[in-house]
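Read through the structure below, which is laid out as structure tokens, and then see the notes.
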Amino acid sequence: MQPDAQLVESCLRGEGLAWEELVRRHTRRVYNLCYRFTGNAASAEDLSQEVFLRVYRTLGSYQAAQGGFPTWLTSVTRNLLVDHYRRTRRDRLTDSIDDAMPQLEEKKAPGHAPDRLAMASELSAQLQRGLVRLSPDLREAVILRDLQGLEYNEIRKILGVPEGTVKSRINRGRIELARILEEMGVRPA
Amino acid sequence: MDWNCIATEERLSDYLEGTLAAADASALAAHAAGCARCSALVARVGGLISQMHQVDLVEEPPHLIRGILDVTIGPRKQKQAWEGWFSWVPLVWQPRVGIGLATVAACLAIVLHAAGVNVRDVKMSDLRPANVMRAANRQAHLTYAHGAKFVNDLRVVYEIQSRLTPQTEPEAAPSPSPEPQPTTVDPREKSQATPHPNHREARRLNAPTYVLTKYTAQDWPGTTTRRRL
């Protein structure tokens with residue numbers, strides 16, 4: 001499997017297959033970041049397309065010396081999410097979060113023990129409900145650290161703030177999210 | 001060290017991730033053991049972090065990747081199912097492939113001819129190794145015989161030609177003769193009594209010389225005329 005840097009060089013030479021490989025490799029991560037931040041599957045889909053369109057147009061500005069391609073891609077995604085958040089601030093207060101959630105698996109009858117997939121799906125949905133109630137700066141920090149699995153150094157580059165600030169936001173975001181889930185009646189496993 | 005609830009909240013993530021200094025971690029643990037609020041907080045946040053790390057990535061919609069590729073590099077031409085059957089044709093339909101195949105066919109024809117195989121009537125027995133060796137041996141001998149015959153024929157023609165037109169010896173310097181030689185004397189009327197001091201010249205005059213001349217009507221038809229000099 002070719003490294004991302006080589007695929008980028010191939011894309012800049014006009015090889016369509018290299019671009020297709022990059023898209024297939026990173027679409028799911030970008031979609032998850034957009035979905036977890038917006039809480040809306042349709043918005044996440046539109047934003048994902050917008051992210052890759054911007055990456056495709058500005059691919060020449062990527063420099064491997066400044067960091068890995070996933071970090072640069074996540075930074076572009078985060079910037080678009082911030083712009084989207086500012087544009088849709090008014091609409092968010094009236095939308096119902098449940099209307100934007102994806103279809104969940106049907107719950108089994110109370111007599112049957114829930115299987116693992118159903119529990120995971122329920123947990124994902126409950127987590128999403130709690131995330132959208134966090135403030136944007138805490139939300140993006142928690143998503144990048146605990147759901148995307150990025151290191152503090154990478155998150156520092158993406159957010160453009162000192163590492164101490166990154167740790168502080170992650171810590172406060174976790175505590176706040178735990179408090180929100182407790183209010184919703186979600187107990188930790 | 002005095003450890004309070006505020007410090008527990010501020011250093012909670014470092015403690016749960018194991019990056020807190022040993023002394024601070026012990027102080028936090030000791031405080032949490034005696035504080036119900038902090039104990040519940042540590043358990044709640046610790047459980048939340050563990051659950052978030054177990055959550056799988058949400059699957060993207062099935063058409064998302066195709067949609068991204070369409071808006072970036074453009075929509076792709078939809079291939080018909082039957083077009084895949086002939087996808088190899090452009091690779092093969094090239095001049096170099098045709099030249100290569102013709103070369104292979106020519107080499108095969110040469111090899112089969114050398115092996116004595118009749119391409120118009122190939123039999124299974126022709127492909128047996130013993131028969132191939134026998135036919136190749138026979139073909140090699142025939143080829144050698146034809147070549148040897150050709151060389152011998154050339155040699156015979158050369159010998160016949162060399163005998164009919166012998167090499168003339170270089171003439172010596174004319175010695176002073178007592179009588180001047182008449183310039184219009186017919187070589188056939190020259191007297192053989194006239195001595196020549198040059199023995200080679202005498203041998204040349206005495207020895208019969210035959211020259212192939214053109215056929216004349218007085219001769220027998222079909223024969224060459226020999227004119228004695």
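The values are calculated or read from the model by the stated rules, or taken from the named source; none is laboratory data. Because the structure is a prediction, the values reported are computed rather than measured. Positions of Cβ are generated from backbone atoms using ideal geometry, with glycine treated the same way; all protein chains shown enter the neighbour counts.
What residue, of B:GLY18, B:GLY84, B:GLY46, B:GLY67, is out of contact with any His (no Cβ under 7 Å at 6 or more places or on another chain), modelled with pLDDT under 90 and among the small types (Gly, Ala, Ser)? So that I can check it myself, show each step before the final result.
Details: B:GLY18 fails: modelled with pLDDT under 90; B:GLY46 fails: modelled with pLDDT under 90; B:GLY67 fails: modelled with pLDDT under 90.
B:GLY84 is the lone residue from the list that is out of contact with any His (no Cβ under 7 Å at 6 or more places or on another chain), modelled with pLDDT under 90 and among the small types (Gly, Ala, Ser).
Those residues that are buried (at least 17 other Cβ atoms within 10 Å of the Cβ) and under 19 Å from the mean Cα position of the chain (by Cα), I need them from segment A:158-177; list them, please.
A:ILE158, A:LEU159, A:VAL166, A:LYS167, A:ARG169, A:ILE170, A:ASN171, A:ARG172, A:GLY173, A:ARG174, A:GLU176, A:LEU177
Of the residues A:ARG129, A:ARG133, A:ARG89, only one is at pLDDT below 95 and in the same structural domain as A:LEU73 (by TED's automatic domain parsing); which?
Only one candidate qualifies: A:ARG89.
I need the helices (runs of 4 or more DSSP H) fully contained in segment A:1-82, keeping only those with at least 1 residues that are of a type outside the set (A, V, I, L, M) and away from chain B (no Cβ under 14 Å).
In segment A:1-82, A:4-12 are the helices (runs of 4 or more DSSP H) which contain 1 or more residues that are of a type outside the set (A, V, I, L, M) and away from chain B (no Cβ under 14 Å).
Looking at segment B:50-73, can you tell me whether even one residue there is more than 12 Å from every other protein chain (Cβ to nearest Cβ), in a helix (DSSP H, G or I) and in contact with an Asp or Glu (Cβ under 8 Å, 6 or more places away or on another chain)?
Scanning segment B:50-73 turns up no residue that is more than 12 Å from every other protein chain (Cβ to nearest Cβ), in a helix (DSSP H, G or I) and in contact with an Asp or Glu (Cβ under 8 Å, 6 or more places away or on another chain).
Could you identify the single residue in B:VAL55, B:VAL104, B:VAL111 that is of a type in the set (A, V, I, L, M), in contact with a Ser or Thr (Cβ under 9 Å, 6 or more places away or on another chain) and at pLDDT 80 or above?
So the residue among B:VAL55, B:VAL104, B:VAL111 that is of a type in the set (A, V, I, L, M), in contact with a Ser or Thr (Cβ under 9 Å, 6 or more places away or on another chain) and at pLDDT 80 or above is B:VAL55.
Need a quick list: helices (runs of 4 or more DSSP H) entirely within segment B:1-48 having at least 3 residues that are over 21 Å from A:ARG179 (Cα atoms).
B:22-34
Conditions tested, residue by residue: (1) under 30 Å from B:TYR15 (Cα atoms); (2) not β-branched (Val, Ile, Thr).
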| position | (1), (2) |
| --- | --- |
| B:ALA43 | yes, yes |
| B:VAL58 | yes, no |
| B:ILE68 | no, no |
| B:PHE86 | no, yes |
| B:ALA102 | no, yes |
| B:LEU112 | no, yes |
| B:ALA140 | no, yes |
| B:ALA145 | no, yes |
